[in-house]
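Below is one structure, written out as structure tokens; comments come after it.
None of the figures in this text is laboratory data; all of them are computed from the coordinates on show. Treat the numbers as computed from the prediction; the structure is a model and nothing was measured. Because the Cβ atoms are built from the backbone with ideal geometry, glycine has one as well, and the counts that use them run over all protein chains shown.
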């Protein structure tokens, strides 16, 4: 039997939801535990083994100088580094600070702002180190996570499509909520969730981030025709993936 | 007048007899699928009874818009086609092709996915949809490499067609010579006839299986009045097409204009989201996804509807051949309306209008084709 691959799971600025997706794998978790050596995963175990690691899964964005240093160290210890979730791949909800002055937030939230040492921006892992694969979602999808881990173990390319949510929505047989009159981000958002929201007659709000070739200005135009205002368009783009390039550019076009 | 009736003369049945027909199809071991109201649209799903049909409802369609409205009468087929098409059943959106697992030794065992146990009966198939099935037959059944699963479903299906009485704003089957009258490819074809107090269906017989099925339910021979009423319904529908497509020379028009500025114009509006291809009843492209489990014990190949609007669709070593939205939209329209003719001897468009209605930004392919023609002139 070949030596098991060593897996590490890391956390930066985030809610832990993506790591929980891993713990949520139920029956598959046993297979995972059999297939890899979980060497470092503080959320799951107090046993924390030293590197190097074959595969590091990284959750969260970089928001402090200490983070920025630590991620370089993690990269140096990891054969493969995969980011999981919106925070790690685009900066997350906390990247809202990038559109404002972070010291105003610190002053408004903390009794002793002088205790807080933070960067001006929340940035994705790829802004600091080379990333081998980025798994999208807020939170990520369990099936997709297992596919990525399985692909890395087998040394093959993960099957993670980058087309729109509409592909999955139509395959599922949903009736298009946008054609029924509700502004939806599905046509510019990457698939992977299985089109959950439209299946319950709710519009997509973009929690898997921009798809491979999003035409957001054309979508915004249709949103306006359906009655959406500038502010609504800006705010919906500035939710989970506000700092991703395509969403940021279009939200800035609706700033004033 | 109706065409020469090869399998028997046209008959008349009432709503109670249609109920008996649905029961008879179910009792014959088929899974009966028909139009139902769900999620604010008329979609195709399993039906048990005429009570499942959207009686008294119609639809209002426009590019990028669809709404349901109540009708003044109790028509059960008084609407145009919705977001679903029959390819969902004959050529399902997601299906396992094969699975493999390690056996006790070190060998591998492969299993083909089983064929569906029960054949389908479709109730409410429109003329444009019959044509779409005929086109998919050419691609998936009659070519050099038939799709096994498609053939297994297709060859056993029983089709009850319906002649359209209510065209939508987005309909243009007349332009594509695909409707509104169901001419071939059905077992039985209904025309819904509504008078002030009389609700009945003219039944035409298209096959021996259809004749046998009709023989099992109460019916009477159609009189001249019913026949002329049915003709009037179809004439009204033909005259009520909301869209028109000029097909004269369209193959050369599109094939000779790959650099037309209109492609840039439409690329600014197109979302590249793939909805048009997913709702199109003739689009047949699929991708195959191979996955394995973490323990490396099992693997499977899953076939899924794909679309020429994804970058992966034209990905070869080094990148995507069609990397711009312009090239992807041009591929879709030119294949559908022109190259399809070279490839399969028929247009890929049946004039159902789904690609317009279900385009989130309402791109109208008849308008795009017209714009290219207007600024070019037809090459003769």
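Spin-label pair residue B:74-residue B:255: with each label point 7 Å from Cα along the Cα-Cβ axis, the two points sit 5.4 nm from one another. Report the Cα centroid-to-centroid distance between the stretch A:55-131 and the stretch A:151-174 in angstrom, as an integer. When both Cα centres are located, 27 Å separates them. With Cα atoms as the point set, the radius of gyration and Dmax of the stretch B:143-208 evaluate to 15.6, 53 Å.
Of the beta bridges DSSP finds with both residues in the stretch A:5-154, what % are antiparallel, to the nearest 5?
Details: 2 of 20 bridges.
Bridges in the stretch A:5-154 are about 10 percent antiparallel.
Using R0 = 45 Å, the C-beta based FRET efficiency linking residue B:5 and residue A:202 works out to 0.35. Cα-based radius of gyration for the protein assembly as shown, normalised by 2.2 N^0.38 Å, reads 1.09.
What percent does the relative contact order of chain B come to when contacts are Cα pairs within less than 8 Å and at least six residues apart? It comes to 22 percent, rounded to a whole number. Summed over qualifying helices (DSSP H, 4 residues or more, each -39500 (n - 2.57)) and divided by its residue number, chain A shows a 222 nm mean residue ellipticity of -10000 deg cm²/dmol. At what distance in angstrom do the alpha carbon centres of the stretch B:121-196 and the stretch B:1-51 lie from each other? The stretch B:121-196 and the stretch B:1-51 have Cα centres spaced 14 Å from each other.
Among A:127, A:49, A:108, the residue with the largest mean-square fluctuation in a Gaussian network model of chain A, with springs joining Cα atoms closer than 10 Å, is A:108.
Note on B:8-18: average number of Cβ atoms from other chains within 10 Å of each residue's Cβ is 0. Residue-normalised convex hull volume from the C-alpha trace of the stretch B:121-249: 132 Å³ per residue.
Could you compute Rg(Cα) / (2.2 N^0.38 Å) for the stretch A:5-154, with N its residue count?
Values: Rg = 15.9 Å, N = 150, 2.2 N^0.38 = 14.8 Å.
It is 1.08.
Each 5 Å bin from 0 upward holds the following percent of the Cα-Cα pairs of chain A: 1, 6, 12, 16, 17, 15, 12, 10, 6, 3, 1, 0, 0. A crude spin-label estimate for the pair residue B:312 and residue A:232, with each label 7 Å from Cα along the Cβ direction, gives 3.3 nm. If R0 is 45 Å, what FRET efficiency do you get for residue B:102 and residue B:223 from their C-beta distance, rounded to 0.05? So, using R0 = 45 Å, E works out to roughly 0.10. When both bridge partners sit in chain B, DSSP labels roughly 80% of those beta bridges antiparallel.
Regarding the stretch A:165-253, what whole-number volume in Å³ per residue does the convex hull of its Cα atoms give? Intermediate results must be reported in sequence, preceding the final value.
Details: hull volume 7.1 nm³, N = 89.
That works out to 80 Å³ per residue.
When the P(r) is computed for the stretch B:245-297, the part past 13 Å accounts for 78% of the Cα-Cα pairs. When only alpha carbons of the stretch B:240-380 are considered, Rg and Dmax amount to 17.2, 63 Å.
Rounded to the nearest 5, what % of DSSP beta bridges with both residues in the protein assembly as shown are antiparallel? It would help to have the intermediate numbers written out before the result.
Details: 49 of 77 bridges.
The antiparallel proportion sits near 65 percent.
For chain B, the calculated P(r) over all alpha carbon pairs, in 10 Å bins from 0 to the bin holding the longest distance, is 5, 22, 30, 24, 14, 5, 1, 0 percent. If R0 is 51 Å, the Cβ-Cβ spacing of residue B:289 and residue B:49 corresponds to a FRET efficiency of close to 0.85.
Here the Gaussian network model covers chain B, with springs between Cα atoms less than 10 Å apart; of B:230, B:100, B:189, B:100 fluctuates the most.
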